[in-house]
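Below: one structure, written as structure tokens.
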Amino acid sequence: MEYSKIIGVYDDEQKLYDSIDQIQEKGYKVADVISPFPLEELFEKLKVNTRINLAAFFYALIGGVIGISAFLYYTAVVDYPLNIGGKPSLSLTFVLIIFVGTIFVVVFGTLLTFFIREKKGPGAKIHFEYPGVTDDKFALLIDRTKDLSEENIIEINQIIKNSGAIKVDEQ
Amino acid sequence: MYLKDVRGILIQGSKSYGQITREILAPQERNAPLWWYGGMFVFSLMFLAGIYAILQTISKGIGLWGLNNNVAWGWAIINFVWWIGIGHAGTAFSIFLLVLRQKWRTSINRAAEAMTVFAVLAAGLFPVIHMGRIWDAFFIFPYPTSRDLWVNYNSPLFWDVVAITTYLFASASFWYVGMIPDLATVRDRATSKIKRKIYHLLSFGWVGGMKTWKRYEVMAIILGGVTAPLVIAVHSIVSMDFATSVMPGWHTTIFPPYFVVGAIFSGFAMVLTLMIIVRKTYKLGDFVTMDHFEAIGKILIFISLIMGSSYVTEVFIAWFSGVDGELYTFFHNRITGEYAFQFWAMVTCNAIIPQLFWFKKVRRNLTWLFIISIVINIGMWFERFNIVVTSLSKDFLPATWVEYDPTITEVTIYLGTLGLFGVGVLLFMRFIPVMAMNELKMINKETSIDKDLSSKS
């Protein structure tokens, strides 16, 4: 059977960090780390980044501030201005609705972006399963690409074992 | 950097990650205890009674309530504001402490957010029923109609609709998204096929890869960041339902901050009540330590002082204004009049009794904490009664002065919402991890005694 991933299983994050340092020093690429909670140190080590914050900003700007303001202006000033006690149709109270409406758009948009980008949803396929990775184990994943020779794989296995992994596995 | 010497130990007993999972999930992996069934039975009965009263109201009309021409807002609005207030602290608690990077939130935030969702659901019922013809409730949304007419954007009641809908959506999302990694843990530990399938569905196919966690963390901060001002906005808007009208006792600029603080006050008290129950019944004393309760106790003293100052300020401004209506409402109607009991109950429960938290012994005694947390919520209910009923029953025109008493239908609807809240909380306690396990694991090492936990499992 062809295996596509080398998996190093750890029960301590410090050992995992050391192992990643060594693997990266040797010039190998770490595909991912699966952990039961976020490991902020690894975000830097694995150069993981996201633009979800930028997306949220644009939702706020376009959907919230511009979209809702335009809607309020059109309905209350252009389409059917109501005379309420002689107060101006273009009212400062719009700010309140724009403020809260913008929050709604940001929350909705950000959630949607997250779930679409992550391909997650009710009953979505679990793309990687290994006992304990949602409990107390950390799984270090390395792709077995064609560039890796047998010697390379032996070396990676060695590094993982020596760095204190409780198990080296393949999937 | 977390300073244990200053802040105390947040997770007792030098636990390994596996232990955290096992201990938090233990109550759910056992059969439900007898008290759970008992509680479900009682709360379900209350809920059903409430549904019956709501159906009666819808089929026969608001005439079944004790409202009259003057007191047009009775228990329904009192309870609406009361529930919304309780619903505030969950998110306030969770989000403010997240934004301020307070690590002690991790043991409590899940329950606080759950409480928020059920409380806001209970709150939202009241204005909807109050409309009378609830089948026309959609009139409140701005949508193109054959009448060509849009809604009145200057009305605080419309702001309410926008704010509460947004708040319910945002807090429910924040709560659910926070749960997904823990639901995946339950999924992976499930022993029966059906349980695994259900939690697979609920956990959205979660696997905690680094990219996923990064996006997840950024999303949590964004949701928290935008929802924090929303908490302030929502209750300010609720207060404007009152403050923008010209009733004596309502038309005052202190209302928005006064309502926001009051909401956080009652919500924190409810969090306290709930966490004491969770700690006691699920034996989770290692995660919810006395330091957690002490921290909440200290916050409650501070908020109680603000509440006391607000009461004094209101009375002072009424006197200082020299307006007859204001003077009458405060000095005759509230302080010495027919509603004096409600006024003094409010002052005693909210401004005086919580001062007991100045004593460390009280702050660290579960019985006292439990009693005071209940007292605060009773006091906050009286506050809303004071605001709604005393101002409306005796306004500027003595000829229209009238008494207000709730009818059995109103009381039953209120009991029904208590039932809804109770059923929701019990279901939460049974089927969802009551604490955010992934967040507890994250802070475990730096906030517990033993640095090297790797050897234990």
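Observations, loosely collected:
- Within the range B:294-341, being among the β-branched types (Val, Ile, Thr) and more than 30 Å from the chain's Cα centre (by Cα) holds for B:Val323, B:Thr336.
- Scanning the range A:105-148 for residues that are among the basic types (Lys, Arg), within 7 Å of chain B (Cβ to nearest Cβ) and over 22 Å from B:Val218 (Cβ atoms) yields a single hit, A:Lys125.
- Residues satisfying the stated conditions in the range B:1-39, i.e. of a type in the set (Phe, Trp, Tyr) and modelled with pLDDT of 90 or more: B:Trp35, B:Trp36, B:Tyr37
- Residue in the range A:46-55 that is modelled with pLDDT of 90 or more, under 28 Å from A:Gly109 (Cβ atoms) and touching a Ser or Thr at 6+ places or on another chain (Cβ under 8 Å) present: yes
- Among the candidates B:Leu183, B:Leu168, B:Leu202, B:Leu272, the residue that is more than 7 Å from chain A (Cβ to nearest Cβ) and surrounded by 24 or more Cβ atoms within 10 Å (Cβ to Cβ) is uniquely B:Leu272.
- Yes/no for B:Ser245 being within 14 Å of another protein chain (Cβ to nearest Cβ), over 21 Å from B:Ile378 (Cα atoms) and not in a helix (DSSP H, G or I): yes
- Some residue of the range A:51-62 being within 8 Å of chain B (Cβ to nearest Cβ), not aliphatic (A, V, I, L, M) and not in a helix (DSSP H, G or I): no
- Flag if B:Leu67 is more than 20 Å from B:Ile374 (Cα to Cα) and part of a loop (DSSP other than H, G, I, E, B): yes
Residue by residue, here is whether (1) in contact with a helix residue (DSSP H, G or I) (Cβ under 7 Å, 6 or more places away or on another chain); (2) of a type outside the set (Val, Ile, Thr); (3) modelled with pLDDT under 95 holds:
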{"residue": "B:Lys360", "(1), (2), (3)": "no, yes, yes"}
{"residue": "B:Glu383", "(1), (2), (3)": "yes, yes, yes"}
{"residue": "B:Ser391", "(1), (2), (3)": "yes, yes, yes"}
{"residue": "B:Leu415", "(1), (2), (3)": "yes, yes, no"}
{"residue": "B:Arg430", "(1), (2), (3)": "yes, yes, yes"}
{"residue": "B:Leu440", "(1), (2), (3)": "yes, yes, yes"}
{"residue": "B:Ser448", "(1), (2), (3)": "no, yes, yes"}
{"residue": "B:Lys456", "(1), (2), (3)": "no, yes, yes"}
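- One residue from A:Val33, A:Val48 being within 22 Å of the chain's Cα centre (by Cα) and buried (at least 21 other Cβ atoms within 10 Å of the Cβ): A:Val33
- Verdict on B:Tyr176 being of a type in the set (Phe, Trp, Tyr), facing another protein chain (nearest Cβ under 10 Å) and over 23 Å from the mean Cα position of the chain (by Cα): no
The values are calculated or read from the model by the stated rules, or taken from the named source; none is laboratory data. All of these numbers come straight from a predicted model, not from anything done at the bench. All Cβ positions, glycine included, derive from the backbone under ideal geometry; neighbour counts span all protein chains shown.
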